[in-house]
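The values are calculated or read from the model by the stated rules, or taken from the named source; none is laboratory data. Keep in mind that this is a model prediction, so the values were computed, not measured. Cβ: placed from backbone, ideal geometry, glycine included. Neighbour counts: every protein chain shown. Note: accessible area is taken over every heavy atom of the protein model, side chains too, but ligands, DNA and RNA are not part of it. Shrake-Rupley method; radii C 1.70, N 1.55, O 1.52, S 1.80 Å.
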Amino acid sequence: GPREEASRDGACPLAAQRCGWRRTLQALDDAFAAHGPFDGVLGFSQGAAVAAALAALVSGRASAAAGSGGEVAAEAAAAPAVRFRFLLCCGGFVGAAPELGALYERSAPIAMPSLHVVGEGDGVAPGGGGEELVRLFC
């Protein structure tokens, strides 16, 4: 299954995970509703990929309010409780799920203050995955 997929260079299979976005988004919306509000979000590794997608949703919601970003705003409507103002990504990478790729693309550049911690020896986000994530915000 998707969890067992490994990249060609043998990196951690989490970087190749491609399913479950809708269920993840619903669970996060439930958590934001039950435990929020939150000022910021911290994501590590695969969590940073998801956190960046959430930032794209929040950014897209703001763009829609200003009169643009309709496609992202429609997806953001599925997670109305997800709201925050800044993002910390540690060891992150661009998620492989098609839904995340489309969300990143429609939202780039993601208009949210962010701090990205990228390691040169990162074995999970090989080939500059952290830098690729940073470029979504610039």
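Can you name every residue in the stretch 90-128 that is touching a Leu at 6+ places or on another chain (Cβ under 6 Å), open to solvent by less than 50 Å² (accessible area, probe 1.4 Å) and not in a loop (DSSP other than H, G, I, E, B)?
Those that are touching a Leu at 6+ places or on another chain (Cβ under 6 Å), open to solvent by less than 50 Å² (accessible area, probe 1.4 Å) and not in a loop (DSSP other than H, G, I, E, B): Tyr104, Ser114.
Taking Glu131 and the conditions (1) open to solvent by less than 20 Å² (accessible area, probe 1.4 Å); (2) in a helix (DSSP H, G or I); (3) modelled with pLDDT of 85 or more, which numbered condition does it fall short on, given that it satisfies the others?
(1)
Between a residue in the stretch 34-51 that is of a type outside the set (Val, Ile, Thr) and any residue that is part of a strand (DSSP E or B) and surrounded by 15 or more Cβ atoms within 10 Å (Cβ to Cβ), which pairs come within a Cβ distance under 6 Å, given they are 6 or more apart or on different chains?
Hits for this filter: Leu42/Leu88; Gly43/Cys89; Phe44/Cys90; Ala48/Cys89; Ala51/Val41; Ala51/Gly43; Ala51/Leu87.
Looking only at the stretch 63-70, decide whether some residue is open to solvent by 30 Å² or more (accessible area, probe 1.4 Å), modelled with pLDDT under 90 and on the phi > 0 side of the Ramachandran plot.
Looking through the stretch 63-70, at least one residue is open to solvent by 30 Å² or more (accessible area, probe 1.4 Å), modelled with pLDDT under 90 and on the phi > 0 side of the Ramachandran plot.
Determine which single condition Ala53 fails, assuming it passes every other condition in (1) open to solvent by 30 Å² or more (accessible area, probe 1.4 Å); (2) outside any loop (DSSP other than H, G, I, E, B); (3) modelled with pLDDT of 90 or more.
Condition (1) is where Ala53 drops out.
Tell me which of these Ala34 doesn't satisfy, since it passes every other one: (1) assigned to a helix (DSSP H, G or I); (2) within 13 Å of the chain's Cα centre (by Cα); (3) at pLDDT 85 or above.
Answer for Ala34: the failing condition is (2).
Would you confirm, using the coordinates I've provided, whether Cys90 is more than 25 Å from Pro37 (Cα to Cα) and in contact (Cβ under 8 Å) with a residue 24 or more places away in the chain? Before the answer, list the steps.
Details: more than 25 Å from Pro37 (Cα to Cα): no; in contact (Cβ under 8 Å) with a residue 24 or more places away in the chain: yes.
Criteria not met by Cys90.
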